[in-house]
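Here the structure comes first, spelled out in structure tokens, and everything after it is commentary.
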Amino acid sequence: MLKERSDSSGTRSGARLRRLRRTDAIREILSENRLHVSGLVAPIFVRDGEHVVEPVEAMPGINRHSVDTVSSYVGKLTDEGIKSVLLFGIPDSKDEAGSGAYSSDGVVPRAIRELKSQFPALVVAADVCLCEYTSHGHCGVLDGGAVSNARTLPLLAKAAMEYAGAGADIVCPSAMMDGQVLAIRDALDESRYEETLLMSYSAKYASSFYGPFRDAAKSAPAFGDRRGYQMNPPNSREAMREIDSDIKEGADIVMIKPALPYLDVISKARSRHDVPIAAYSVSGEYSMIKASSAKGWLDERGAAMEVATSIKRAGADIIITYFAEQLAVWLREEQ
Ligand code: PBG
């Protein structure tokens, strides 16, 4: 007869879960999820001009770089083991049609060519959107005061083609226009860019956490907001529809953004799909940890590692984060 188990904790199940946590080594071998530097992507702001390394005030440690200074920064990232960057362009001049986004001598194509010549093995991803390039700050072109889906799609496709032509490994549509993945995939496939990966910002929410980025990119909308195209925060079933349709349209990697307030969406997507999932831990997620740790209210390293781990645990394969460089250093120190 089996002896009924009871122990000093008074439970009868015999489960003493604290045994699993007794020493560093035990905790380590039993760790269910591990952060690794190779899954981290560093976002980078590239701007027009020369010799520029310009701090982003609301994002301590993050700078805007001109094309001639970006390589020395990326050299530091690659030395730390970062294998991928995501580029955002900040042009000197903007116009109604966002033409800087799809011109071949625009800041992003120039940065891509520079980085691919200096770091051939670096995985270069480029954000595809009009908001950093339009005078009104919306993600597409306007028609009677509203963003026109139909007129925006060919411009996004044109931008993606320019970036692919400059050597980008991944193009990342983030405008939240319906059909943007299909429009870009078709354009890429019709020319000679079948090999270019497409990572779609599939579930991109209309979030307050983009505030510091809009400062950095000077891309806040001049009127209205983005709630007419970005997702409504209470909805996660709708996020699954966005993701499903992007996969059908040909996305290779789907993204959920922001990350921390939408861990449930990451987890739901993970249990539904086998495609690679990226999570974008956005500017506000970075700034809130930076600001509170600067005040001594949070331990920066602990908080940043915990947040990144939670994103991994939720099911993301790739984490796009402004902490990429620091995480890489901390992960190396932990080895
Ligand atoms: C749009 C874009 C935005 C971000 C990434 N791509 C801004 C927006 O939608 O307003 C935000 C990233 C961040 O906050 O870190 N091109």
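The values are calculated or read from the model by the stated rules, or taken from the named source; none is laboratory data. Model, not experiment: these values are computed from the prediction. All Cβ positions, glycine included, derive from the backbone under ideal geometry; neighbour counts span all protein chains shown.
One residue alone among Lys218, Lys204 is within 14 Å of the ligand (Cβ to nearest atom), of a type in the set (Lys, Arg) and modelled with pLDDT of 95 or more, and that residue is Lys204. Among all positions in segment 162-173, there is at least one residue which is of a type in the set (A, V, I, L, M, F, W, C) and either within 13 Å of the ligand (Cβ to nearest atom) or farther than 17 Å from Asp127 by Cα (or both).
Of the numbered criteria (1) touching a helix residue (DSSP H, G or I) at 6+ places or on another chain (Cβ under 8 Å); (2) surrounded by fewer than 16 Cβ atoms within 10 Å (Cβ to Cβ); (3) farther than 23 Å from Glu80 by Cα, the one Asp299 fails is (3). Among residues that are within 19 Å of the chain's Cα centre (by Cα), surrounded by fewer than 19 Cβ atoms within 10 Å (Cβ to Cβ) and in contact (Cβ under 8 Å) with a residue 24 or more places away in the chain, Gly81 is included. Among the residues of segment 258-269, is any within 16 Å of the ligand (Cβ to nearest atom), assigned to a helix (DSSP H, G or I) and more than 22 Å from Leu87 (Cα to Cα)? Looking through segment 258-269, at least one residue is within 16 Å of the ligand (Cβ to nearest atom), assigned to a helix (DSSP H, G or I) and more than 22 Å from Leu87 (Cα to Cα). Listed by first and then second residue, the pairs with beta-carbon distance under 8 Å, at least 6 apart or on different chains, first residue in segment 14-41 and within 29 Å of Ile253 (Cα to Cα), second outside any helix (DSSP H, G or I) and among the hydroxyl-bearing types (Ser, Thr, Tyr), are Leu40/Ser84; Leu40/Thr321; Val41/Ser84; Val41/Thr321. Considering each residue of segment 281-294 in turn, at least one proves to be more than 16 Å from the ligand (Cβ to nearest atom) and over 29 Å from Ser31 (Cα atoms).
Candidates Phe223, Phe213: the one that is more than 13 Å from the ligand (Cβ to nearest atom) and at pLDDT below 95 is Phe223. Filtering segment 295-317 to residues that are closer than 16 Å to Gly39 by Cα, more than 16 Å from the ligand (Cβ to nearest atom) and outside any helix (DSSP H, G or I) leaves Gly315, Asp317.
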